[in-house]
1. Between Ser102 and Glu66, what length comes free when the chain is fully extended (0.36 nm per residue of separation minus the Cα-Cα distance, one decimal in nm)?
2. For a label point 7 Å from the Cα of Ser82 along Cα→C-beta, name the residues of segment 160-181 whose backbone N is under 18 Å from it.
3. Starting with the fewest neighbours, write out Leu200, Leu206 ranked by other beta-carbon atoms found within 10 Å of each beta-carbon.
4. Just want the ordering: His187, His53, from fewest to most Cβ atoms lying within 10 Å of their own Cβ.
5. Given the peptides 19-30, 132-143, arrange them by the average over their residues of other C-beta atoms within 10 Å, most packed first.
6. Roughly how many debye, to the nearest 20, is the charge dipole of segment 9-237 about its Cα centre, given +1 on each Lys and Arg Cβ, -1 on each Asp and Glu Cβ, and no other charges?
7. Normalised by the number of residues in the chain, what is the relative contact order in percent for Cα pairs under 8 Å and 6+ residues apart?
8. Among Gly57, Ala75, Thr181, whose Cα projects farthest towards the positive end of the dipole of the chain, with charges put on the beta-carbon of Lys, Arg (+1) and Asp, Glu (-1)?
Amino acid sequence: MDLGINRRRAIVAAGSAGLGLATAQALADEGVLVAICGRNPDRLAAAVAELGHDAVGIEADMSTPEGAMGFATEAEDRLGGSIDIVVANAGGPPPGTPVGTSIEAYREALELNSLSSIALIGAVIEPMRAQRWGRVLAITSIGARQPIMNLAASSVARAATTSFIKTLSQEIGPDGVTANTIQPGLHATERLTQLHSGDLTLGIPLGRIGDPADFGAVAAFLCSEPAGFITGASIIVDGGASGGLQ
């Protein structure tokens, strides 16, 4: 399927590894001009080399709104114009239970996984509205839908971002801009190995953990021309692990 986004300009936050990199790769494979960001210069350079397709790497810290807005500004300059596709993403906060997580830890999680995403999107949304085409996508987690006990701060922050995206979709929809979230379950990433051990396939009906490339393909579709009638949605990519009807 032709996704109809060749030569569009996209920014993918925290795109030097994991699901961010998989999303950036899927977009680049469609001919999208992609800028990614990361904090580790060596990892960032390796990711850019892997992406090819005239990809751009920018050192930026997504843990603050200022860092997110700086990434957007530099990306516009280096890609040569306004952004058509924004993928909001950031690393996850440390594990912790609801009571055992401090107020400061919740505050840091909200800054990392919600406020920075809101700032990044806000920095690029008006040109999308003016041209009457744009795609906003936030990578969150199934924890936003089905809270994960030992990832309390992450679940809270991801839920806040999900609410923002849903509300945003109603404001920008009349301008031809879509806004969605994509909610991953367990995928073969470095963060997964840091947080989990043992048989990770238990409770996954498909009997395997996710391949980042599969996730990237779904994310790229949500950024595509054919996905122009999908907005305000939260798409689960978890192999059927979440138990709810919605």
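1. 10.6 nm
2. Those under the cut-off are 169, 171-179.
3. Fewest to most other Cβ atoms nearby, the residues stand as Leu206, Leu200.
4. Least crowded to most crowded, the residues run His53, His187.
5. With the highest mean Cβ count within 10 Å placed first, the list reads 19-30, 132-143.
6. Rounded to the nearest 20 debye, it is 600 debye.
7. Details: 515 pairs, mean separation 49.5, N = 246.
Relative contact order here is 20 percent.
8. Positive-end residue among those listed: Thr181.
Every number in this text was worked out from the coordinates using simple rules, so none of it is lab data. Note that the structure is a prediction, hence the values are computed from the model and not measured. Cβ coordinates were reconstructed from backbone atoms using ideal geometry, including for glycine residues, and neighbour counts include every protein chain displayed.
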